[in-house]
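What follows is one structure encoded as structure tokens, with my remarks underneath.
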Amino acid sequence: MGSQGRILDIGRTSRVFPPHIRKAITARDRGCAFPQCTIPAPWCEAHHINYWSRGGSTGTGNGALLCPHHHGLIHKEQWTVQLRGGVPWFTPPPHLDPRRVPRRNRYFRLE
């Protein structure tokens, strides 16, 4: 639940992230979550980490902010994303990094 008692995971009720969930994801990610990207949150889209088309839910635990370029790249290049400690981590596909080393954006969160 959010600070105003709003549910932050609406399951499969809607594919679109409602404003209150997007606001919570924005507070967490602060901008595009893709490694080394500096695009601010207002220019980003909410991405389903586990794709909606594959049964993913709509909520803060399954969402990450991505700029339009990286949102398309995630789908086209088949990157994987997972939350670790509430932070999105990105694992590149084998053709980009054979070792598949996970990485995260440190621009918005230095810790």
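The values are calculated or read from the model by the stated rules, or taken from the named source; none is laboratory data. It should be emphasised that the depicted structure is a prediction, and the values quoted were computed from it without experimental measurement. As a convention, Cβ positions derive from the backbone with ideal geometry for all residues, glycine included, and neighbour counts pool all protein chains shown. These area figures cover heavy atoms from the full protein model, side chains too; ligands, DNA and RNA do not enter into them. Shrake-Rupley method; radii C 1.70, N 1.55, O 1.52, S 1.80 Å.
Miscellaneous remarks
- When we screen VAL81, VAL16 for residues that are in contact with a strand residue (DSSP E or B) (Cβ under 9 Å, 6 or more places away or on another chain), among the hydrophobic types (A, V, I, L, M, F, W, C) and open to solvent by 40 Å² or more (accessible area, probe 1.4 Å), the only hit is VAL16.
- Filtered residues of the range 57-80 (kept if without any contact (Cβ under 8 Å) to a residue 40 or more places away in the chain and either more than 11 Å from the chain's Cα centre (by Cα) or more than 23 Å from PRO42 (Cα to Cα) (or both)): PRO68, HIS69, GLY72, LEU73, HIS75, LYS76, GLU77, GLN78, TRP79, THR80
- Residues of the range 61-74 that are open to solvent by 30 Å² or more (accessible area, probe 1.4 Å) and either closer than 15 Å to CYS32 by Cα or of a type in the set (D, E, K, R) (or both): PRO68, HIS69, HIS71, GLY72, LEU73.
- Among the residues of the range 56-80, none is identified as aliphatic (A, V, I, L, M) and in a loop (DSSP other than H, G, I, E, B).
- Matching residues, the range 91-104, being open to solvent by less than 80 Å² (accessible area, probe 1.4 Å) and touching a helix residue (DSSP H, G or I) at 6+ places or on another chain (Cβ under 8 Å): PRO92, PRO93
- For beta carbons closer than 7 Å, sequence separation of 6+ or different chains, a first residue in the range 81-98 that is part of a loop (DSSP other than H, G, I, E, B) and a second that is open to solvent by 90 Å² or more (accessible area, probe 1.4 Å) and at pLDDT below 95, the qualifying pairs are PRO93/GLN78.
- Qualifying residues in the range 27-50 (those that are open to solvent by 40 Å² or more (accessible area, probe 1.4 Å), in contact (Cβ under 8 Å) with a residue 12 or more places away in the chain and of a type outside the set (D, E, K, R)) - the one nearest to VAL81 (Cα to Cα): ASN50
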